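Visitor: First the structure, then my questions, so here it is.
The values are calculated or read from the model by the stated rules, or taken from the named source; none is laboratory data. Everything numeric here is computed off the predicted structure, so don't read it as measured data. With ideal geometry, Cβ positions are generated from the backbone for all residues, glycine too; neighbour counts draw on all protein chains shown.
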Amino acid sequence: MYEGIVQDLIDELGRLPGIGPKSAQRIAFHILQTESFDTTRLAEILTVVREKVRFCQVCGNVSEQETCAICRDPRRNSAVICVVEEAKDVVAIERTREFRGLYHVLGGAISPIDGIGPDDLRITQLLQRLASTEVTEVIIATDPNLEGEATATYLTRLLVQPGLRVTRLASGLPVGGDLEYADEVTLGRAFEGRRLVE
């Protein structure tokens, strides 16, 4: 434990997701020891982010306007919606440059242990979008973990309707991975998702 304000800084940094006590301490001492570190700029950016950034009214992605840049882009394929858990997942998919449709951010995943049910997610908004647009495919891109699978299963059952194709992102072995290090679930998915060699 450190004295006063130093410990307060470490405690506040430790409240951020993914930052444990050791990381919080390292960041705090980096701020303290690096003379060129601009704390004023950091404080200004944090304040502006809290004031200006909101969630897109259409898809739930982060945006500085009412709708995000992706939803406003007329070149995007509005017939395909990719459903993701968090806004950070949109960034990950966009980096691939493979998907040209629209997104829908749920704001999490179904997790009874954490008290998160379907009503806590943006599922109603997804259904409203499907009712008011000409969507032909919904791609479910939730995480391949217990909560993501529960969410995908729930959505799959909910979205069954004529003329709507519901797909799930394939999962399996990562490129450059070794079979001996793959867990059973990942290896099993790789077998399920195998495709014909052309």
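Yes or no, residue by residue, for (1) under 25 Å from the mean Cα position of the chain (by Cα); (2) modelled with pLDDT of 90 or more; (3) hydrophobic (A, V, I, L, M, F, W, C):
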site: 23; (1), (2), (3): yes, yes, no
site: 26; (1), (2), (3): no, yes, no
site: 33; (1), (2), (3): no, yes, no
site: 40; (1), (2), (3): no, yes, no
site: 44; (1), (2), (3): no, yes, no
site: 52; (1), (2), (3): yes, yes, no
site: 56; (1), (2), (3): yes, yes, yes
site: 62; (1), (2), (3): yes, yes, yes
site: 66; (1), (2), (3): yes, yes, no
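Visitor: Conditions first: (1) closer than 30 Å to residue 27 by Cα; (2) at pLDDT 95 or above. Residue 122 passes all but one, so which condition is the exception?
Guide: In the conditions (1) closer than 30 Å to residue 27 by Cα; (2) at pLDDT 95 or above, residue 122 misses (1) alone.
Visitor: For residue 171, indicate whether it is farther than 30 Å from residue 17 by Cα and either in contact with a Pro (Cβ under 7 Å, 6 or more places away or on another chain) or not hydrophobic (A, V, I, L, M, F, W, C) (or both).
Guide: When the stated conditions are applied, residue 171 does not pass them.
Visitor: Could I ask something else about it? State which residue is surrounded by the most Cβ atoms within 10 Å (Cβ to Cβ) when the search covers only region 147-161 and only residues that are touching a residue at least 24 places away in the same chain (Cβ under 8 Å) and among the aliphatic types (A, V, I, L, M).
Guide: Checking each candidate, the answer is 155.
Visitor: On the given criteria, is residue 122 over 14 Å from the mean Cα position of the chain (by Cα) and not aliphatic (A, V, I, L, M)?
Guide: no
Visitor: Residue 167 is checked against (1) closer than 20 Å to residue 191 by Cα; (2) crowded, with 17+ Cβ neighbours inside 10 Å and fails just one. What number does that condition carry?
Guide: Residue 167 satisfies every listed condition except (2).
Visitor: Continuing with this model, one more query. If a residue counts only when it is in contact with a Gly (Cβ under 6 Å, 6 or more places away or on another chain), which helices (runs of 4 or more DSSP H) contained entirely in region 1-90 have at least 1 such residues?
Guide: Once the helices (runs of 4 or more DSSP H) in region 1-90 are filtered for at least 1 residues that are in contact with a Gly (Cβ under 6 Å, 6 or more places away or on another chain), what remains is 21-33.
Visitor: I would also like to ask the following. Every residue in region 126-142 that is in contact (Cβ under 8 Å) with a residue 12 or more places away in the chain and more than 18 Å from residue 76 (Cβ to Cβ), please.
Guide: 127, 140, 142
Visitor: Quick check: is even one residue across region 90-107 within 16 Å of the chain's Cα centre (by Cα), among the basic types (Lys, Arg) and either surrounded by fewer than 12 Cβ atoms within 10 Å (Cβ to Cβ) or over 13 Å from residue 59 (Cβ atoms) (or both)?
Guide: Yes.
Visitor: Can you pull out every residue in region 67-93 that is free of Cβ contacts under 8 Å to residues at least 12 places away in the same chain and either not assigned by TED's automatic domain parsing to the domain that holds residue 133 or not small (Gly, Ala, Ser) (or both)?
Guide: 67, 69, 72, 73, 74, 88, 91
Visitor: Report those helices (runs of 4 or more DSSP H) wholly inside region 118-198 carrying at least 1 residues which are under 16 Å from residue 85 (Cβ atoms) and out of contact with any Lys or Arg (no Cβ under 9 Å at 6 or more places or on another chain).
Guide: Output list reads 123-132, 146-158.
Visitor: Turning to a different aspect of this structure: Give the residue, chosen from 62, 6, that is free of Cβ contacts under 8 Å to residues at least 60 places away in the same chain and farther than 27 Å from residue 102 by Cβ.
Guide: Among 62, 6, only 6 is free of Cβ contacts under 8 Å to residues at least 60 places away in the same chain and farther than 27 Å from residue 102 by Cβ.
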